[in-house]
Ligand SMILES: Cc1cc2nc3c(=O)[nH]c(=O)nc-3n(C[C@H](O)[C@H](O)[C@H](O)COP(=O)(O)OP(=O)(O)OC[C@H]3O[C@@H](n4cnc5c(N)ncnc54)[C@H](O)[C@@H]3O)c2cc1C
């Protein structure tokens, strides 16, 4: 009965809060117009737009409402502006910020052309 | 309007709408199963009509404008999703609302739906053998059978034992057994859940299930029942979020123990309602045993798996590393950083369909992009999510940007997150089965 | 929700063996720091002490802090030289004491 080794293990791990997302960038809103203008003028390959849009439709159904808006048939400018605002973290939404961060300007143009013509 | 040609080329041209009407009227002119008719188009056969396979079939048919002959083989008439089966368990939905048919894929997309089990693939002859002996020829094959449960990975567990102690890790009857038994519990009766080792279908799934079972017990005013969660893993998906949620919504009801406490899961005695661990025996009136998993049997039978029991693929296309005419998508594949989820399977299906079309019809091939979001419900209006975008990098599907809900978020944000998941479900079903709600 | 202790001690050992002892109690371990939905502090209620004896002799004891998470789990080792019984006690803030015991055969 001599030796006693101790490990006190908390069976439940405490949830450590992680700092919230990056701050909103103040100047971003002013840049939207310039961005929309520039991206609207890019040439797009419709076949590329079709392909790129396919992950979007997993969530944005044609009849979507409420939690996730339908984006089919929206004006191209509105789509470009929205994606820019997610990219620049003006708009909140973790999924859309992640989606937008992976899109190049050409991608944004192709998606806007695709959905505006649905 | 897309034209769907009769396969022999001699018959009339049917518009999509006329075709739909014919099919609706009994399809008398199409009495001969289409996969037995003469072929003049490249043939793509899809094994498995779940999240991955049905999406692949739909995108192949939709985007090739009738240039491909697409056959979808599924062993059941209808498909009950595992996604949202926890929501059903929690009493927020009925089983009907998570069960879907293939009618639209047949009538609107001209897909040949075969109800049957694929038992073998002759990779040299490029044919799929059905259990009734029929052979179906393919130019490209998509293998999307989902997972199989490795029953004997837990001593004392078996397919038969699962009738009493359900795994409910495949949709349909198993989920119903779990629901019936959950609803029959009385206050003070406990649940013991054994969660699977990695890799397995739906990483947050077991913990969402814990939450939904706790919701049912709490909603009935139970204060004495407990849910013991026995985990072979040190940590799990969205752990901080789930544990915070359990403490907030179900204090004292959920006890999660990892291997540092319980040691090994030594075995189950279903009749006695007991799970034996290296530490102690846990007893419950309801056992939910989720064993280890591997790719569906057909992938094993066709030798598409490696030593992990899952199928290695080319990250740029979802093509099997073992066979250039075969693509493996969904839970059966080894998809790098992507979790095994319905969303992942749906995303992988689109990349595979794009690659197959490029090979067979000469359409453009684009760089692979994948996406996934897994939503989980912890308690009414308390939804959380985790997800990422992915691209191939260094031979593996690699996450390029990830996100996860944070502990301590506002109730408003959590409610929005849940509402997203509801729209996602309907959109995902429309995207997979072509059903417009 | 009752607090049910669980302990694990090998049934047998050879004299001089070092054995592993594990002790777990189901308990919410309410720290006194949390607030309920209406913002009121939830009163502290924890297991504040644990002790283990062997044939009446103390083996190990400790005080437990409010920071410890729910369902505290302890594992410790001891060298055994004779057969006997381990007794375990957990003391709750409200004064209740939870007990468990486990015998070991030493040859
Ligand atoms: C409880 C639970 C909750 C989940 N929640 C979510 C969620 O919220 N979000 C999410 O994205 N994912 C979720 N998932 C995961 C999701 O269900 C799977 O990842 C997804 O179903 C995988 O798709 P798949 O096409 O690979 O396989 P499956 O969807 O299983 O489809 C395979 C189909 O092939 C059939 N089949 C198999 N072999 C053959 C054969 N030889 N011949 C003919 N047919 C065959 C099967 O019967 C089945 O219909 C959840 C899973 C579970 C268990």
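Bear in mind that the values in this text are calculations on the coordinates, not laboratory data. If you're wondering where the values come from, they're calculated on a predicted model, not measured in any experiment. Positions of Cβ are backbone-derived with ideal geometry, glycine not excepted, and every protein chain shown enters the neighbour counts.
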- Message: Can you give me the angle between helix B:205-219 and the longest principal axis of chain B, using Cα atoms only, in degrees from 0 to 90, rounded to the nearest 10?
- Response: 60 degrees
- Cα pair distances of the stretch B:154-291 binned at 5 Å [whole percent]: 2, 10, 22, 25, 23, 15, 3, 0
- Query: Counting other C-beta atoms within 10 Å, which of B:242, B:433 has the fewest, and how do the rest follow?
  - Reply: B:433, B:242
- To the nearest 10 degrees, how steeply does helix B:342-361 sit against the main Cα axis of chain B, on a 0 to 90 scale? 20 degrees
- Message: Restricting to bridges with both residues inside chain B, how much of the DSSP beta-bridge set is antiparallel, in percent to the nearest 5?
- Response: 55 percent
- Message: Need the C-alpha centroid separation for the stretch B:54-87 versus the stretch B:295-368, integer Å.
- Response: 15 Å
- Principal-axis tilt of helix B:51-64 within chain B, Cα atoms, nearest 10 degrees: 30 degrees
- Query: Which of these, C:57, C:82, C:65, has the largest mean-square fluctuation under a Gaussian network model of chain C (Cα springs below 10 Å)?
  - Reply: C:57
- Task: List the extent of the Cα atoms of the protein assembly as shown along each of their three principal axes, largest first, rounded to whole Å.
- Result: 95, 66, 46
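Counting DSSP beta bridges with both partners in the stretch B:104-256, what percentage is antiparallel, nearest 5?
Working: 7 of 14 bridges.
Beta bridges within the stretch B:104-256, antiparallel portion: roughly 50 percent.
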- Connecting every pair of Cα atoms under 10 Å apart in chain B and solving the GNM, the largest mean-square fluctuation among B:280, B:148, B:337 falls on B:280
- Note on the structure: Within the protein assembly as shown, the percent of DSSP beta bridges that are antiparallel, given to the nearest 5, stands at 70 percent
- Placing one equal point scatterer on each C-alpha of chain B and summing with Debye, one gets log10 I(q)/I(0) at q = 0.07 Å⁻¹ equal to -0.36
- Message: Run the Debye formula on the Cα coordinates of chain C, all scatterers equal and no solvent, and tell me log10 I(q)/I(0) at q = 0.21, 0.24 1/Å.
- Response: -1.05, -1.26
- How much length is gained if the chain between residue B:412 and residue B:127 is pulled fully straight, taking 0.36 nm per residue apart and subtracting their Cα-Cα distance, in nm to one decimal? 97.3 nm
- Contact order relative to length of chain B, as percent, for alpha carbon pairs under 8 angstrom and 6 or more apart: 17 percent
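Report, in deg cm²/dmol and to the nearest 500, the calculated mean residue ellipticity at 222 nm for the protein assembly as shown, where each DSSP H run with n ≥ 4 adds -39500 (n - 2.57) and the sum is divided by the residue count.
Values: 16 runs with 178 residues, N = 662.
Estimated from H runs of four or more residues: -8000 deg cm²/dmol.
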